[in-house]
Protein chains: 4
Amino acid sequence: MSQPPDDRHTTLQELKGRVAAFVAERDWQQFHTPKNLSMSIAIEAAELMEHFQWLTVEASRNLAPEALAQIGEELADIVIYSLSLANTLNLDLAQTVQAKMAKNIRKYPAEKVKGKSHKYTWYEGKEES
Amino acid sequence: MSQPPDDRHTTLQELKGRVAAFVAERDWQQFHTPKNLSMSIAIEAAELMEHFQWLTVEASRNLAPEALAQIGEELADIVIYSLSLANTLNLDLAQTVQAKMAKNIRKYPAEKVKGKSHKYTWYEGKEES
Amino acid sequence: MSQPPDDRHTTLQELKGRVAAFVAERDWQQFHTPKNLSMSIAIEAAELMEHFQWLTVEASRNLAPEALAQIGEELADIVIYSLSLANTLNLDLAQTVQAKMAKNIRKYPAEKVKGKSHKYTWYEGKEES
Amino acid sequence: MSQPPDDRHTTLQELKGRVAAFVAERDWQQFHTPKNLSMSIAIEAAELMEHFQWLTVEASRNLAPEALAQIGEELADIVIYSLSLANTLNLDLAQTVQAKMAKNIRKYPAEKVKGKSHKYTWYEGKEES
């Protein structure tokens, strides 16, 4: 079987369309409310975290191939539900992400935070979101 | 200011590249370990959930524009950290997502689960992931 | 087998002691760091949420006995890890909880918030924590 | 002001009673559905995690007094919502916790798992919950 198209050849819209079709074919729009989808994302995020729970931060950089495959699936679930929420809310995800990144660039100027964790900058006076 | 490119014109690779540059310019690769990023995704997912916590499932479908803007930012954070984790793990997200969707299609045949929630199918005998 | 002592006859210290003994007998203090325990609580919280994910808020009030038993176990896991974190941090949980409740009572005066959800009061101007 | 009673002199029932009174005085039983409370616990768990997000596992053992005070408040929130859920579900928490601990003792025999993380035992063949 041929590989599906990769990150260089796949737009956000293409993935959103696949997720929308999956949901519509099952008549699952009724369950995919924003409230439920936010819970789904949080649940999948916890399943992802579970893989790293007892690892040191350093060990989490050196994963066995089998662990990596499972972790990829958990990450995929998070992305799938995020795409479904974007569909439900009629949000353009590329624009939303790029707008948030522009905000983050202003909030964390490279020259100021270089090599310091978010936590450090946090304590200098963090404004919300 | 012109709008950033939209979902139809943005590939996963373009967003991954922007996130990678943001992290590298701040020398934050040292903090963006898989363990920490899995926590970041879970934390942002909870912030998203917080917007829906006291709403009925139905009310979560009818959001004020201001709430929608805040929710979009939380969703963007989840996607940004997910892209950073894909960068760190050297995962092709488009392929990973499409492979997981193919698995979900086999697991939840449309004709069998149509109009029934995941929960229903769950109790018929759910296999993991 | 006789039932274990109930809520009326069990102090926080008794439960903390049982959890501390469980951890010490397995030499697990090394893994029960505050960072890891905070992840454990979040993971167990997600497992609890999973039981309610596709239910309406109303349906979540009417649970089958079997579901209730599973939900009790997830809640127990959350409490066990919370007790272990209190042990690790050398926190008196009863005093900490009562101090936080005193703060909540000042923050949400009964006459002001009666019958309104947290969300309502939130928008009137919420201060953090 | 005198200190509230400590862990040695406070039963679970006393804390449950205080939480029940707080909720009833605000007429908040209508919002404290099991579904919503499971979300509340997950949200507070994420706020707790946020304090540890960028710390090494080791650094999370050495917290400044100010950080410890904030962390105590987040942990208190988790416990308060857990007590409210136990109230709502009419669960005896002490019995539920002790029953789950008895199960954990059987599942993780001290002589077998001593000094090995949960993760280790996981891979030998973990059964659910």
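The values are calculated or read from the model by the stated rules, or taken from the named source; none is laboratory data. The structure displayed is predicted, hence computed values, not measured ones. So basically every Cβ, Gly included, is an ideal-geometry build from the backbone, and we count neighbours across all protein chains shown. The area values use the complete protein model at the heavy-atom level, side chains included, leaving out ligands, DNA and RNA. Shrake-Rupley method; radii C 1.70, N 1.55, O 1.52, S 1.80 Å.
Condition check ((1) under 15 Å from the mean Cα position of the chain (by Cα); (2) at pLDDT below 95) across all residues:
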residue	(1), (2)
A:Arg61	no, yes
A:Glu73	yes, no
A:Tyr81	yes, no
A:Asn90	no, no
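Candidates in the stretch A:46-105 are the residues that are over 19 Å from A:Asp7 (Cβ atoms) and in contact (Cβ under 8 Å) with a residue 60 or more places away in the chain; of these, the one that is surrounded by the most Cβ atoms within 10 Å (Cβ to Cβ) is A:Ser84.
So if I check each of D:Met39, D:Met49, which one is within 9 Å of chain B (Cβ to nearest Cβ), at pLDDT 95 or above and farther than 22 Å from C:Gln95 by Cα? Spell out the reasoning first.
On the way: D:Met49 fails: farther than 22 Å from C:Gln95 by Cα.
It is D:Met39.
With A:Thr56, A:Thr11 as the choices, which residue is more than 21 Å from C:Ala45 (Cα to Cα), polar (S, T, N, Q) and away from chain C (no Cβ under 14 Å)?
Details: A:Thr56 fails: away from chain C (no Cβ under 14 Å).
Exactly one of A:Thr56, A:Thr11 is more than 21 Å from C:Ala45 (Cα to Cα), polar (S, T, N, Q) and away from chain C (no Cβ under 14 Å), namely A:Thr11.
Against the definition (open to solvent by less than 10 Å² (accessible area, probe 1.4 Å), within 14 Å of chain B (Cβ to nearest Cβ), out of contact with any strand residue (DSSP E or B) (no Cβ under 9 Å at 6 or more places or on another chain) and aromatic (Phe, Trp, Tyr)), how does D:Trp28 come out, yes or no? It is true that D:Trp28 is open to solvent by less than 10 Å² (accessible area, probe 1.4 Å), within 14 Å of chain B (Cβ to nearest Cβ), out of contact with any strand residue (DSSP E or B) (no Cβ under 9 Å at 6 or more places or on another chain) and aromatic (Phe, Trp, Tyr).
Taken as a whole, the structure leaves A:Glu66 outside the set of residues that are in a helix (DSSP H, G or I), within 27 Å of D:Thr56 (Cβ to Cβ), modelled with pLDDT of 95 or more and charged (D, E, K, R). Cβ separations smaller than 7 Å between residues 6+ apart or across chains give the following pairs from the stretch C:1-16 residues that are in a helix (DSSP H, G or I) to residues that are of a type in the set (Asp, Glu): C:Asp7/D:Asp92; C:Leu12/D:Asp7; C:Gln13/D:Asp7; C:Lys16/D:Asp7.
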